[in-house]
Every structure is written in structure tokens, then in C-alpha cells.
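Structure first, then comments.
The values are calculated or read from the model by the stated rules, or taken from the named source; none is laboratory data. From a predicted model like this one, the values you see are computed outputs, not experimental measurements. Cβ sites come from the backbone with ideal geometry, for glycine too, and all protein chains shown count toward neighbours.
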Amino acid sequence: MALIKSKDIPEDAVVLSEIEATTYIWDIVSNWNTFSDTWALRYSPAILGGINSICGLLINNHFRHKLKLGTYGYFASVIPVTVLPGILTALFHRHIVSTDMLLMKLDTCPICYEVRSGLVQVVLGTAYPLVLGPTCTLMLANRYGTYRVPDLREGPKTMFNFLRIKTRPFNPTLTYMVAIQMVASSILTYFEMKNTFTLKTKLMEIEKKVMEEKGMF
């Protein structure tokens, strides 16, 4: 059965809720035999999540090195700054990009999906680690006494200038990271769109063939 979004519901149509439609279409993607037809839909969230985990790791390692943390509190910073961005990226991309694409929520606007994918990638892969990374490492440096960090009583301006100085050498790397995130998300989302069109075309062809065999056409 081809999944079609329509206001005019045929008499013999099976009406599905959004949750049922989501489960149905992902079951088709997961069980589809031709790998080339669905590879981007299957693996793009994981690939993009992996890219953001690597970016989070680089950001975390930079601030840990600057604050001379060594191995102190490593897992306390690596989990929220490295692991979580990867998991959240995969989940958000699958939910608000891949699933919406399969359900045709934004009709057929490739640019809309690419922009949405890029925002998810940059926010969770750069902005989120840049907020949480320094916060975690500052707390750990203060706790273990590995580096003299400004006291909160010195005011937000002092803290901001301290972090700006520590971040400045990393700015070129951040620029490359954002560029890689945008390019990767755009390319993979493009192939997801191609997979979606291919899948829907073949599903409609299969349904048409079945109906012809039953003499319904």
C-alpha cells in the first residue's frame, strides 16, 4: 500500500494516524530489499550524529587541554559534550527531517529540508557543545584546582573575556567544523530526498501492478 497524504480520501482508503503512518513507512524503509533505494534514509541520522560526536569531542578536548584537566573528570565532560550531541542529532534528524520527508509534511521542498537539517547539525554539533563544554571544564578546573578560573563574583564580563581568549585559537577549527556539518547535512538530506522519491514511485508502481492483476483497473 502506497502512503499518500490527501484531503480527498477515497472510499477504499485505509486512514492512518500520524504515529501509525510513521511506523508503517519506516517499516517499509527498514525491510526494503534494494539497498541503493533507502541507504540515505537508513543511515544519514547515524552518520550525521557521528560527525557531531566528533565535533563535540574536539571542542571538549580543546577546553580540557586549555584548563590542564588531564584525565580529571573525563567522563563527566565527555558524555554531555560528546555523546549527547551525537545521540540528539540522530534523533532530531530522523524525527524532524527524515520522517517529515517520508510523510510529505513540507510537500516537496528540498531546500526546506536541507535548511532544517543544517540548523539541527550546527545547533547540536557546535552551539550546544560550545555552551556545555566550557561550562563543564570550568567547573572541573575549579573543583580539581588545575587552572585558575575567574570567580563568578567577578561578573559575567570577566568570565566571557576569559572564555573568549581560550576559544580564540580554536576559531579556525570551529569554522571548518561548521562548514563540514553544513555540507554533510546538505548532501545526505539531498540523497534522502532522492530515496524518498524513488521509494514512493516504486510503491505506487507495485500497488498499480497488484490492482491490475486483481482486475481493478
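Between Ala40, Ala46, the distinction of being within 18 Å of Ala184 (Cα to Cα) and surrounded by 18 or more Cβ atoms within 10 Å (Cβ to Cβ) belongs to Ala40 only. If only residues of the stretch 142-175 that are surrounded by 17 or more Cβ atoms within 10 Å (Cβ to Cβ) and more than 29 Å from Gln121 (Cβ to Cβ) are counted, the one that is modelled with the lowest pLDDT is Pro150. Would you pick out the residues in the stretch 124-167 that are of a type in the set (Gly, Ala, Ser) and within 34 Å of the chain's Cα centre (by Cα)? Residues satisfying the conditions are Gly125, Ala127, Gly133, Ala141. The residue that is farthest from Arg168 (Cα to Cα), among those in the stretch 109-149 that are touching a residue at least 60 places away in the same chain (Cβ under 8 Å) and part of a loop (DSSP other than H, G, I, E, B), is Thr146. A residue that is within 25 Å of Gly73 (Cα to Cα), buried (at least 17 other Cβ atoms within 10 Å of the Cβ), among the hydrophobic types (A, V, I, L, M, F, W, C) and out of contact with any Asp or Glu (no Cβ under 6 Å at 6 or more places or on another chain) occurs nowhere in the stretch 180-190. In summary, Leu16 fulfils each of the numbered conditions (1) outside any helix (DSSP H, G or I); (2) hydrophobic (A, V, I, L, M, F, W, C); (3) modelled with pLDDT of 95 or more with the single exception of condition (3). Here Ile187 meets each of (1) over 30 Å from Cys136 (Cα atoms); (2) free of Cβ contacts under 8 Å to residues at least 60 places away in the same chain; (3) over 20 Å from the mean Cα position of the chain (by Cα) with one exception, condition (3).
For beta carbons closer than 6 Å, sequence separation of 6+ or different chains, a first residue in the stretch 25-51 that is closer than 29 Å to Val81 by Cβ and a second that is of a type in the set (Phe, Trp, Tyr) and in a helix (DSSP H, G or I), the qualifying pairs are Ala40/Phe191. Residue-level analysis places Ala179 outside the set of residues that are modelled with pLDDT of 90 or more, over 30 Å from the mean Cα position of the chain (by Cα) and part of a helix (DSSP H, G or I).
Of the residues Leu124, Leu69, Leu138, the single one that is surrounded by 14 or more Cβ atoms within 10 Å (Cβ to Cβ) and under 21 Å from Ala184 (Cβ atoms) is Leu124. Scoring Thr99 on the criteria (1) at pLDDT 95 or above; (2) surrounded by 15 or more Cβ atoms within 10 Å (Cβ to Cβ) leaves a single failure, condition (1).
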